[in-house]
Amino acid sequence: MASPTWTQLRDAGAFETLGELFPDAPSSHAFLEDLGISPALLPPFAQLPAASWWRTVCRTVDRGRFKGVVLGDLVTAAAVLYPGHQGLAALAGRGATTALRILCLMSAPLDEARLRIGAEQRVIREAAARSAGRLTVEAHPAARVSDILPQLQAVRPHIVHFAGHGTDDGRLLFEDETGTSAPVPMRALAAALALHAPLDCVVLNSCWSAAYADGLLDCADTVVGTSGELPDDAALAFAEGFYASLAHSTAVDRACESARAALLLNGHDPDEVHHCSRRSRAA
């Protein structure tokens, strides 16, 4: 889900709205600190009108100076605090069409080792339930190859999350009509995802997927994969950290860092998880 630009907020009167709701340094600093922005990094209020101060802060956010925070986070968080404010509701674009839509394609073929797919689905759904409408989840268990295109067309996701087995030669194991393995090469998945690009993120919560992540960057801004084998408990820790972060902020980079921290806290090597983005490729 694309964040609004500084120009769009300016034209919509966002700086005046934020200045009305957070008119002084204490209230503004407290609000931004809850989003992870240190007050020490903010410009002085001095004698500026509140709207002018917010204009400067939003310009700084738009330039990426506050890591992991985008302009959409500001208006969405403010709309959560003031749910009856019509101006904020319009700025945040609140409603079913603007939630961050997540499509989970989950597969555990009968001829492969058992996975806790149901537990991973529960973790993602619980995060969505805590997100105050920021996230919606469409989970498709026992996903078959024939489900991929119809589900992409029906959900029109911002994030595609694959949970299941991956092979070291770059294939994801979906299911066939009998419930046994039906491998899909990464290039074939890329062709399907390209029909619905650009996606915000593709999460490959499966073994051996990191080596093929770059091949999906034409379809998504960020791709997450695993460099080796992925134990069940590590997959669950990653999902919990990633989606718990997205429940509070739509910044995918921050969600990736949260997932790495969750892995470390649960005794796993966070370097096993690799995420690449168009920005890092351009650099």
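The values are calculated or read from the model by the stated rules, or taken from the named source; none is laboratory data. Quick caveat: nothing in here was measured; it's all calculated off a predicted structure. Cβ: placed from backbone, ideal geometry, glycine included. Neighbour counts: every protein chain shown.
See the values below:
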item	result
Residues that are of a type in the set (Gly, Ala, Ser) and out of contact with any helix residue (DSSP H, G or I) (no Cβ under 7 Å at 6 or more places or on another chain), drawn from the range 39-74	Ala40, Ala46, Ser52, Gly64, Gly72
Condition check for Ala154: more than 21 Å from Val223 (Cα to Cα), assigned by TED's automatic domain parsing to the domain that holds Gly228 and either crowded, with 21+ Cβ neighbours inside 10 Å or of a type outside the set (Ser, Thr, Tyr) (or both)	yes
Test for Gly36: is it of a type outside the set (Val, Ile, Thr), surrounded by fewer than 19 Cβ atoms within 10 Å (Cβ to Cβ) and not assigned by TED's automatic domain parsing to the domain that holds Arg156	yes
Neighbours by Cβ (under 6 Å, 6+ apart or cross-chain): first from the range 91-119, of a type outside the set (A, V, I, L, M, F, W, C); second modelled with pLDDT under 75 and in a loop (DSSP other than H, G, I, E, B)	none
Residue within the range 232-249 that is surrounded by fewer than 22 Cβ atoms within 10 Å (Cβ to Cβ), assigned by TED's automatic domain parsing to the domain that holds Leu105 and farther than 29 Å from Leu35 by Cβ present	yes
The range 24-40: number of residues that are within 17 Å of Ala77 (Cβ to Cβ) and touching a residue at least 24 places away in the same chain (Cβ under 8 Å)	7
Looking only at the range 66-82, and only at residues there that are over 16 Å from His29 (Cα atoms) and not in a helix (DSSP H, G or I), the one that is modelled with the highest pLDDT	Val70
Test for Leu264: is it touching a residue at least 24 places away in the same chain (Cβ under 8 Å), touching a helix residue (DSSP H, G or I) at 6+ places or on another chain (Cβ under 6 Å) and not hydroxyl-bearing (Ser, Thr, Tyr)	no
Qualifying position, being modelled with pLDDT of 75 or more and surrounded by fewer than 20 Cβ atoms within 10 Å (Cβ to Cβ), among Arg94, Arg63	Arg63
Residue count for the range 207-236, restricted to those that are under 19 Å from Val252 (Cβ atoms), modelled with pLDDT of 80 or more and not small (Gly, Ala, Ser)	9
